[in-house]
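The values are calculated or read from the model by the stated rules, or taken from the named source; none is laboratory data. Treat the numbers as computed from the prediction; the structure is a model and nothing was measured. Cβ placement follows ideal geometry from the backbone for every residue including glycine, while neighbour counts extend to all protein chains displayed. Side chains included, ligands, DNA and RNA excluded: accessible areas come from the protein's heavy atoms. Shrake-Rupley method; radii C 1.70, N 1.55, O 1.52, S 1.80 Å.
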Number of protein chains: 2
Amino acid sequence: MINGMMMHCNLNITSIMQHALALYSEQKIMTLKSDGITTHEYTYEDAFARVAQFANSLDRLHVSKGATIGTIAWNNYQHFELHYAIPCSERIYHTINPKLPHEQLLQIIISAQNEVIIVEQDCLHIIEDLYEHIQPFLKYLIVLGDVDTTLESPLEFMFYEELLAIESTDYDWPDIPEQTASGLCYTSGTTGAPKGVLYSHRSTVLHALTLSMANVVGLDENSCIMPLVPLYHISAWGMPFNAVLCGSKIVWPHSFAGKIEKVYNLIQTQAVDVSMAVPTIWTALKNHLQENNITETTLKRAISGGSAASYSLIESLSRYGIALENAWGMTETSSMGACNRIDNLKSLPKTQILKCGRPIFGMQMRLKGKNNELLPHNGISEGLLEIRGHNVAKSYHNNNSGNQTTDNTTNNTKVWFDTGDIATIDVRGYMNITDRAKDMIKTGGEWVSSVEIENAMLGHEKVAEAAVIAANHPKWGERPLLILVTKPTTHIEHVEIETYLAHKLHKWSIPSATILINEMPYTGTGKISKKTLREKYYDYFMED
Amino acid sequence: MINGMMMHCNLNITSIMQHALALYSEQKIMTLKSDGITTHEYTYEDAFARVAQFANSLDRLHVSKGATIGTIAWNNYQHFELHYAIPCSERIYHTINPKLPHEQLLQIIISAQNEVIIVEQDCLHIIEDLYEHIQPFLKYLIVLGDVDTTLESPLEFMFYEELLAIESTDYDWPDIPEQTASGLCYTSGTTGAPKGVLYSHRSTVLHALTLSMANVVGLDENSCIMPLVPLYHISAWGMPFNAVLCGSKIVWPHSFAGKIEKVYNLIQTQAVDVSMAVPTIWTALKNHLQENNITETTLKRAISGGSAASYSLIESLSRYGIALENAWGMTETSSMGACNRIDNLKSLPKTQILKCGRPIFGMQMRLKGKNNELLPHNGISEGLLEIRGHNVAKSYHNNNSGNQTTDNTTNNTKVWFDTGDIATIDVRGYMNITDRAKDMIKTGGEWVSSVEIENAMLGHEKVAEAAVIAANHPKWGERPLLILVTKPTTHIEHVEIETYLAHKLHKWSIPSATILINEMPYTGTGKISKKTLREKYYDYFMED
């Protein structure tokens, strides 16, 4: 075969920045600042001038090419800038969730070997707490926000703004090969140690480009998007790249995504028409609209991910002219891998609206049966969901265990990623997750491992058998529900369990209720039948 | 630097087909058949079953991997199928314009060394005429359309439909490396021999993906697109790939794009909402609507390329609810490289609406001044337009002369393509071509070389100096206008010139009028000032 004779131009994040500067330099980015009251607004041109300044800072500090730079930060313009300055100067941004338990934070930072950490002032205590364990590799600590000369810390640190102030707004951007690593994000969605997904410039650009398709996110210059999902959750589902590629106005809500009055005010004052968040936040918005007898909002599309939104929530929001669109993705799929655009709620069957959605271009999906056979895409056959695509992780950073399966059914040896989910796919490509092979619980946008809770409970002297399931919850989407068989002649109260688990698990992992039963249901292979428990207790919190 | 750990999935045309089959198998493709009356309709699923059949045919015939397969065909479902069957089975489709003069057709076919040619029944005479020159390399001649047992030819041929009939609808599609050549199209836009642009799977997929952005073509499943631009013009501007990627309904008008009543009927009966063509066709549509007192049409967007549409045409069509959007591109840019989406005609200045448009993602543009210096993008500075991008030709097939310039101004050595156009670019990225460095004329969608006509005229005994310019024309967009200085004491009439050129040039290259002048205007460097002539005579045909 001969090759085409077209130019090879690298699909790198720099090319998104340069495209946006050529077309959309006057577009606005607005941030609600840390006080929750004052705002910061500037243009793409201003932003990328500062991006160049910070790239110069990193060079001046001799931060290694290829170094991972940890960010512990909220949704604001500074964190946004880091998503360009770091990868476009040949380093790797590594977004860290400040809400993780310290033990996990430490595992993640040690695994990533962050040469630099960039941190909000109100998160500085995290690094102070962990410092003795990470000081062997940490060279610089940089603090975001405005310069505050009263800020005190036992650690040496520099202010981001002071670093920028002395630098040139020009930078001779290198043409980075597209396979180069650009970003790192750890998934805490499993029972073992957190696993790092190492995105490349290519995967990031192709993902941003695919999200730009009219039937996916489909932003344009007239859009105003406010990502409520945190930047530490897969870079707010890739929005720093997708929104800029499309030339949209961006509104950053800082750490106030959970303060629904502030969220609503931002929507209305900035004319936000698209936003993305977990169902918990959409439920809060719905309640806010209802309780305040609000009938109008500029918001037209509420993209919802993390867990499935209920039909009643979708229907409620539609009355305000807001289309709630389910989306599906994982850290391992660069965030959104499928979406369910709803043109017209009334014209579609309810079952279709509730599905996870259709794969974006470049995301291949297949179902595997019990004997590894491929199952038909008929909307009925349930099988293990395997995926493949240029936005899908091939393996993990600093970890040899992947979720790979190899396909030898054709003459092309291809690697597929095992999602651990049980799903159906219909003839129009709509994928729906029907069961979880790995028993993960998504609560308020965070993953909780049922196995981790079960293991902790099995250490309790009164417990014979323990099972944790995800149960439907009016506020949190889902909450862990603990189901126990106690040892003979013993009894246990839920408050005892809360106390027992308080030092073992993160607050949100502690089950919200405990049910005592006499005997666990079992599957044919002798495992506890979570499916049976879910069928019986899934609506436990709804019946309260 | 370290690489990301994401899967490498090839950006090949096969991946577009597989995505469309997973999501849009039920979508329709409709064709007006060769009689201009009957229609053919089937689904994507039907189409790709036949694509598999023809891929099997090519294997059965032992057509070489990497072979170029010429197509001389109209806009119909069979020609569409070839855009998948050929590249996805590791051959190269080569679209050939049947309207070119035989001499150019021969140059092109010999340059491409077509192992197979696939031809419409009404174009079979072309191959018969050229056969003696191409028979050394031509192995198979395949005839499109329905099987017609009365069709006679001195050449051996097979019917496409008979080949398909015996094949399986399954094919084990190889995972083609993305750099592999997929398609070939010759540009006749220069004075020398036609030059072949060899597209790759990667360039084709990235182009299709970029066109899918909401602010470019932005089709979706609810769109119905009818490409009026022929498939032999850069694969109808890439629509076989872009429309299928987006899951749109496609209407193929066969060879009837110039029959405006048929075009209008197709629009209305099929509910076509987007179409693409040269301004000549949009003018004909406008006239048809006016003359027949039609007030309504389903057409919403008329994408216009090849040459710039006039403001009066844009305004006239807007009264029917049709947005005429200028687009710009070349064979060397995989068709559309810039577009001018008009949201609201009234809100935009006329000068902006008439510009060529803004570069699509991946297309970089710059202006070079007289001393090779880069000029600012201020909307005023005029310079030579150079471009770069993954959809831009690096060099030509079977030809070592490129249009490349090398950029040594930064530490990245990058190759740029010299368009030969003089342009401005403004701060929002709007590019506008203000002059032609190479004096090409676009008439009714076809390129005419002014230099070729001038050279022919200089051979005439009565001619001292000759200049040909593009002049505005109410029907054809532009037509060549010949301006002569005759030798002393001689006189020449336009009819003499028509006769003289009849055997030297293609019909459409023969100037529509001749003006005799006493003295040519000259530039400072002693060249005929085409700019002065254009300023004086550009509206010559409009004043008739």
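Taking all protein chains as present, what is the carbon and sulfur share of the accessible area of chain B, in % to the nearest whole number, probe 1.4 Å?
Its accessible area is 48 percent carbon and sulfur atoms.
Nearest 100 Å², what total accessible surface is buried between chain A and chain B (probe 1.4 Å)?
Roughly 6400 Å².
Report, for the protein assembly as shown, the % of DSSP beta bridges that are antiparallel, rounded to 5.
60
Debye sum, Cα scatterers, the range A:413-472, no solvent: what log₁₀ I/I(0) at q = 0.13, 0.18 1/Å?
Calculated log10 I(q)/I(0) at the listed q: -0.51, -0.80.
So what are the ³J(HN,Hα) numbers for the range A:515-520, from phi and the Karplus equation (6.51, -1.76, 1.60; θ = phi - 60°), rounded to whole Hz, Gly and Pro as x?
Listing the rounded values in order: 10, 9, 10, 7, 8, 6 Hz.
Starting from a label point 7 Å past Cα on the Cβ side, list the distances from B:PRO177 to the same position in the other copies, nm, shortest first.
Computed spacing set for this position: 1.5 nm.
Kindly report, to the nearest 10 Å², the accessible surface of A:HIS254 as traced by a 1.4 Å probe over protein heavy atoms only.
Surface open to solvent at A:HIS254 totals about 20 Å².
Using only Cα atoms and rounding to the nearest 10 degrees, what angle (0 to 90) does helix B:234-246 make with the longest principal axis of chain B?
Roughly 50 degrees, rounded to the nearest 10.
Report, in degrees rounded to the nearest 10, the 0 to 90 angle that the Cα long axis of helix B:260-270 makes with the longest principal axis of chain B.
Between helix and principal axis, roughly 40 degrees.
Considering only protein heavy atoms, with the full assembly of protein chains and a 1.4 angstrom probe, order A:ASP343, A:ASP59 by accessible area, largest first.
A:ASP343, A:ASP59
According to the square roots a ≥ b ≥ c of the eigenvalues of the Cα gyration tensor, what is the shape class of the range A:102-222, taking rounded for a/c under 1.5, prolate for a/b larger than b/c otherwise, and oblate for the remainder?
It is oblate, given that a/c is not under 1.5 and a/b is not larger than b/c.
Over the Cα atoms of the protein assembly as shown, what Rg and Dmax result, in angstrom?
Cα only, the protein assembly as shown: 31.8, 127 Å (Rg, Dmax).
Normalising by the residue count of the range A:416-465, find the relative contact order in percent from Cα pairs under 8 Å and 6+ residues apart.
21
Below 8 Å between Cα atoms, with a sequence gap of 6+, how large is the relative contact order for chain A in percent?
Over chain A, the number comes to 11 percent.
What is the angle, in °, between the Cα long axis of helix A:201-211 and the longest principal axis of the Cα atoms in chain A? Nearest 10 is fine, range 0 to 90.
Computed tilt is about 70 degrees.
What gaps in nm, shortest first, separate B:GLN352 from its twins in the other copies when you place the label 7 Å past Cα toward the beta carbon?
Sorted ascending, the copy-to-copy spacings read 3.8 nm.
To one decimal place, what Kirkwood hydrodynamic radius in Å is obtained for the range B:13-164 from all pairs of distinct Cα atoms?
16.0 Å is the Kirkwood radius here.
Shape call for the range A:329-394 from the C-alpha gyration tensor, a ≥ b ≥ c root eigenvalues: rounded (a/c under 1.5), prolate (a/b greater than b/c) or oblate?
oblate
What shape does chain A have by the C-alpha gyration tensor, where a ≥ b ≥ c are the square roots of the eigenvalues, rounded means a/c under 1.5, and otherwise prolate means a/b greater than b/c and oblate the rest?
Rounded, since a/c falls under 1.5.
If you count only protein heavy atoms and use a 1.4 Å probe, how large is the accessible surface of B:VAL485, to the nearest 10 Å²?
10
Calculated FRET efficiency, B:LYS370 and A:THR295, Cβ-Cβ r, R0 60 Å, to nearest 0.05?
0.45
Does a label point 7 Å from the Cα of B:LEU516, set along Cα-to-beta-carbon, have any residues of the range B:482-508 with amide nitrogen under 18 Å, and which are they?
Hits in the range B:482-508 for B:LEU516 at 18 Å: B:482-501.
List the pairs from B:LYS262/B:LYS531; A:LYS462/A:LYS530; A:LYS350/B:LYS262; A:LYS355/B:LYS28 whose alpha-carbon separation is above 30 Å, in the order I gave them.
Beyond 30 Å: B:LYS262/B:LYS531; A:LYS350/B:LYS262.
Would you mind working out the accessible area per residue for the protein assembly as shown, using a 1.4 Å probe, and quoting it in Å²?
On a per-residue basis, the protein assembly as shown sits at 38 Å².
Using a basic spin-label model with each label point 7 Å from the Cα along Cα→Cβ, how many nm lie between A:ARG60 and B:THR38?
7.7
If R0 is 22 Å, what FRET efficiency do you get for A:LYS346 and A:GLN268 from their C-beta distance, rounded to 0.05?
It comes out at approximately 0.25.
Using a 1.4 angstrom probe on protein heavy atoms only, which residues from the range B:1-15 are buried by at least 30 Å² of accessible area when all chains are present rather than their own chain alone?
B:MET1, B:ILE2, B:ASN3, B:GLY4, B:MET5, B:MET6, B:MET7, B:HIS8, B:CYS9, B:LEU11
Rounded to whole Å and sorted largest first, what semi-axes of the equivalent ellipsoid does the C-alpha gyration tensor of the range B:275-331 yield via the square root of 5 times each eigenvalue?
Here the semi-axes work out to 20, 11, 9 Å.
Between B:VAL495 and B:ASN3, what length comes free when the chain is fully extended (0.36 nm per residue of separation minus the Cα-Cα distance, one decimal in nm)?
170.3 nm
Please report, for A:LYS99, the nm distances (one decimal) from its label point, 7 Å out from Cα along the beta-carbon direction, to the equivalent points in the remaining copies, shortest first.
Label-point separations across copies, in nm and ascending: 6.2.
Specify which residue in the list A:GLY420, A:TYR232, A:GLN107 is farthest towards the positive end of the charge dipole of chain A, using unit charges on the beta carbon of Lys, Arg (+1) and Asp, Glu (-1), about the Cα centre.
A:GLY420
Tell me the relative contact order for the range B:292-346 as a rounded percent, counting alpha carbon contacts under 8 Å between residues six or more apart.
Relative contact order, the range B:292-346: 31 percent.
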